Amino acid sequence: MNKKTCIIICGPTAVGKTYIAVSIAAHFNTSIISADSRQCYHELNIGVARPSAAALQAVPHYFIDSHSIHQEVTTADFERYAINAADEIFAHNDIAVMVGGTGLYIRAFCDGMDDIPSVDPAIRNDITGQYKEKGLQWLQQQVKTADPVYFEKGEIQNPRRMMRALEVIRSTGQSITFFQQGHKKKRPFNIIKAGLELPREILYNRINQRVLLMMEAGLEEEARAVYPFRELNALQTVGYRELFDFFDGHTSLERAVELVQQNSRHYAKRQLTWFKKDADIRWIQADTEAAGNIISMLQD
């Protein structure tokens with residue numbers, strides 16, 4: 001090949017992305033850039049399905065265990081980090097591998113981020129404080145009233161995205177969608193996207209079983225360790241919120257585990273919906289032939 005290439009492996013949670021990415025990276029003797037918005041945190045391991053110690057030893061990884069939950073990591077931060085990581089990899093290898101299920105991170109890496117003006121910190125703090133006090137329903141109503149365009153098309157179950165939309169329109173007077181014009185940046189390397197999928201019943205069974213294995217591995221203890229910081233953005237995620245509710249006495253442990261399984265399945269469905277909109281992704285069954293099939297894409 002006459003140009004550097006990044007192979008991006010994406011798909012829903014529990015489909016088997018990590019194993020296949022490690023196999024491909026080992027084949028090319030290269031490194032992996034994680035595109036997972038939670039595996040980057042030091043304090044989170046079991047609940048975010050961080051790659052095993054063996055996988056991390058077999059292949060160098062970027063954006064794993066690289067930040068603290070006390071740091072705010074934005075999509076723009078990831079874009080800068082990932083582009084720098086790719087530059088480092090391409091300095092000595094023609095192939096880089098990216099793997100993950102955070103669609104917005106992958107899009108930022110491939111196409112770049114739109115420039116959104118800075119917001120007034122006082123407005124951000126006010127919105128954050130009111131959300132903590134009044135909850136998601138209040139936040140949804142505020143966004144619906146202030147920015148109906150975003151409310152119609154945006155992620156209205158994601159508090160972080162909702163607060164971002166609200167702070168932008170209150171600071172600038174413009175909908176966040178006004179700044180999201182989708183101007184693609186030209187990357188100095190090729191990009192090949194491979195999506196992994198499984199029949200829904202098999203995927204959902206894998207999700208259910210993985211949650212049980214996480215509990216056996218100590219997810220409850222891991223969640224207790226970060227429970228004092230439960231208001232942080234990094235912890236507004238499946239696998240921790242449900243256990244926090246258990247710690248607060250709002251539900252039983254058995255029900256919390258069921259909710260982790262249920263919400264993980266819902267998350268997988270949302271991931272697939274996001275990725276299926278990307279016409280550049282070539283879909284491959286996550287089976288024993290997947291790594292070889294993805295490697296063969298480089299010859300097409």
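Looking at 64, 8, 20, 24, can you tell me which residue is aliphatic (A, V, I, L, M) and in contact with a Ser or Thr (Cβ under 7 Å, 6 or more places away or on another chain)? So that I can check it myself, show each step before the final result.
Details: 8 fails: in contact with a Ser or Thr (Cβ under 7 Å, 6 or more places away or on another chain); 20 fails: in contact with a Ser or Thr (Cβ under 7 Å, 6 or more places away or on another chain); 24 fails: in contact with a Ser or Thr (Cβ under 7 Å, 6 or more places away or on another chain).
Testing whether each residue is aliphatic (A, V, I, L, M) and in contact with a Ser or Thr (Cβ under 7 Å, 6 or more places away or on another chain) leaves just 64.
Restricting attention to region 255-300, and to residues there that are touching a Ser or Thr at 6+ places or on another chain (Cβ under 8 Å) and of a type in the set (A, V, I, L, M, F, W, C), which single residue is nearest to residue 243 (Cα to Cα)?
Residues of region 255-300 touching a Ser or Thr at 6+ places or on another chain (Cβ under 8 Å): 259, 264, 267-268, 271, 291, 298.
From the residues that got through so far, the ones that are of a type in the set (A, V, I, L, M, F, W, C) too are 259, 268, 291, 298.
Working: 259: 9, 268: 19, 291: 35, 298: 43 Å.
Looking at residues that are touching a Ser or Thr at 6+ places or on another chain (Cβ under 8 Å) and of a type in the set (A, V, I, L, M, F, W, C), I get 259.
Hey, does region 187-202 have a residue that's open to solvent by less than 90 Å² (accessible area, probe 1.4 Å) and part of a helix (DSSP H, G or I)? Steps first, answer last, please.
To start, the set of residues in region 187-202 that are open to solvent by less than 90 Å² (accessible area, probe 1.4 Å) comprises 187, 189-199, 202.
After this cut, where a residue has to be part of a helix (DSSP H, G or I) as well, the list is 202.
Checked region 187-202: at least one residue is open to solvent by less than 90 Å² (accessible area, probe 1.4 Å) and part of a helix (DSSP H, G or I).
Got at least one residue in region 98-105 being at pLDDT 95 or above, surrounded by fewer than 18 Cβ atoms within 10 Å (Cβ to Cβ), touching a Phe, Trp or Tyr at 6+ places or on another chain (Cβ under 9 Å) and of a type outside the set (Gly, Ala, Ser)?
Within region 98-105 (the criterion being at pLDDT 95 or above, surrounded by fewer than 18 Cβ atoms within 10 Å (Cβ to Cβ), touching a Phe, Trp or Tyr at 6+ places or on another chain (Cβ under 9 Å) and of a type outside the set (Gly, Ala, Ser)), the answer is no, since none of the residues qualifies.
Would you check if there is a residue in region 233-243 being within 19 Å of residue 100 (Cβ to Cβ), open to solvent by 20 Å² or more (accessible area, probe 1.4 Å), assigned to a helix (DSSP H, G or I) and touching a helix residue (DSSP H, G or I) at 6+ places or on another chain (Cβ under 9 Å)?
Checked region 233-243: at least one residue is within 19 Å of residue 100 (Cβ to Cβ), open to solvent by 20 Å² or more (accessible area, probe 1.4 Å), assigned to a helix (DSSP H, G or I) and touching a helix residue (DSSP H, G or I) at 6+ places or on another chain (Cβ under 9 Å).
Of all residues in region 1-24, how many are charged (D, E, K, R) and open to solvent by 40 Å² or more (accessible area, probe 1.4 Å)?
Selection size over region 1-24: 2.
Consider only pairs whose beta carbons are under 8 Å apart and that are at least six residues apart or on different chains; among these, list those whose first residue lies in region 259-270 and is at negative phi and free of Cβ contacts under 8 Å to residues at least 12 places away in the same chain and whose second residue is outside any helix (DSSP H, G or I) and open to solvent by less than 80 Å² (accessible area, probe 1.4 Å).
Listed by first residue and then by second, the contacts come to nothing, as the list is empty.
Based on what the data block shows, is residue 220 out of contact with any Phe, Trp or Tyr (no Cβ under 7 Å at 6 or more places or on another chain) and open to solvent by 80 Å² or more (accessible area, probe 1.4 Å)? Step through it out loud before you land on a result.
Details: out of contact with any Phe, Trp or Tyr (no Cβ under 7 Å at 6 or more places or on another chain): yes; open to solvent by 80 Å² or more (accessible area, probe 1.4 Å): no.
No.
For residue 69, state whether it is within 16 Å of the chain's Cα centre (by Cα) and of a type in the set (A, V, I, L, M).
yes
Which one of these does residue 245 not meet: (1) closer than 21 Å to residue 162 by Cβ; (2) in contact (Cβ under 8 Å) with a residue 24 or more places away in the chain; (3) more than 19 Å from the chain's Cα centre (by Cα)?
(2)
Could you say whether any residue in region 109-122 is under 30 Å from residue 193 (Cβ atoms) and modelled with pLDDT of 95 or more? Break it down stepwise before answering.
Quick first cut of region 109-122, residues under 30 Å from residue 193 (Cβ atoms) only: 109-116.
Subset that is modelled with pLDDT of 95 or more: 109-110.
Among the residues of region 109-122, at least one is under 30 Å from residue 193 (Cβ atoms) and modelled with pLDDT of 95 or more, which makes the answer yes.
Output the residues belonging to region 40-64 that are free of Cβ contacts under 8 Å to residues at least 60 places away in the same chain and crowded, with 17+ Cβ neighbours inside 10 Å.
So the first thing to find is which residues in region 40-64 are free of Cβ contacts under 8 Å to residues at least 60 places away in the same chain, and the list is 40, 42, 50-64.
Residues satisfying the conditions are 40, 50, 51, 55, 59, 61, 62, 63, 64.
Does residue 27 fit the bill of being touching a residue at least 12 places away in the same chain (Cβ under 8 Å), surrounded by fewer than 21 Cβ atoms within 10 Å (Cβ to Cβ) and closer than 22 Å to residue 293 by Cβ?
Values: touching a residue at least 12 places away in the same chain (Cβ under 8 Å): yes; surrounded by fewer than 21 Cβ atoms within 10 Å (Cβ to Cβ): yes; closer than 22 Å to residue 293 by Cβ: yes.
In short, yes.
Looking at the structure I just gave you, is residue 20 in contact (Cβ under 8 Å) with a residue 40 or more places away in the chain, within 23 Å of residue 227 (Cα to Cα) and either touching a Pro at 6+ places or on another chain (Cβ under 7 Å) or not aromatic (Phe, Trp, Tyr) (or both)?
Numbers: in contact (Cβ under 8 Å) with a residue 40 or more places away in the chain: yes; within 23 Å of residue 227 (Cα to Cα): no; either touching a Pro at 6+ places or on another chain (Cβ under 7 Å) or not aromatic (Phe, Trp, Tyr) (or both): yes.
When the stated conditions are applied, residue 20 does not pass them.
Given the conditions (1) touching a helix residue (DSSP H, G or I) at 6+ places or on another chain (Cβ under 9 Å); (2) open to solvent by 20 Å² or more (accessible area, probe 1.4 Å); (3) over 15 Å from residue 210 (Cβ atoms), which single one is not true for residue 263?
It fails just one condition, (3).
Any residue that is of a type outside the set (Phe, Trp, Tyr), surrounded by fewer than 19 Cβ atoms within 10 Å (Cβ to Cβ) and under 16 Å from the mean Cα position of the chain (by Cα) - is there at least one of those in region 77-86? Outline the logic, then answer.
Our first condition is that a residue be of a type outside the set (Phe, Trp, Tyr); within region 77-86, this holds for 77, 79-80, 82-86.
From what is left, the residues that are surrounded by fewer than 19 Cβ atoms within 10 Å (Cβ to Cβ) are 77, 80, 83-84.
Then keep just the ones that are under 16 Å from the mean Cα position of the chain (by Cα); that gives 77, 80.
Yes, the conditions are met somewhere in region 77-86.
Taking the residues in region 277-295 that are outside any helix (DSSP H, G or I) and over 18 Å from residue 206 (Cα atoms) as candidates, determine which candidate is most open to solvent (accessible area, probe 1.4 Å).
So the first thing to find is which residues in region 277-295 are outside any helix (DSSP H, G or I), and the list is 277-289.
Checking which are over 18 Å from residue 206 (Cα atoms) leaves us with 277-283, 289.
Details: 277: 164, 278: 42, 279: 98, 280: 100, 281: 14, 282: 114, 283: 66, 289: 112 Å².
The extreme case among them is 277.
The values are calculated or read from the model by the stated rules, or taken from the named source; none is laboratory data. Because the structure is a prediction, the values reported are computed rather than measured. No Cβ is skipped: glycine too gets one built from the backbone with ideal geometry, and neighbour counts run over all protein chains shown. Note: areas computed on protein heavy atoms with side chains; ligands, DNA, RNA excluded. Shrake-Rupley method; radii C 1.70, N 1.55, O 1.52, S 1.80 Å.
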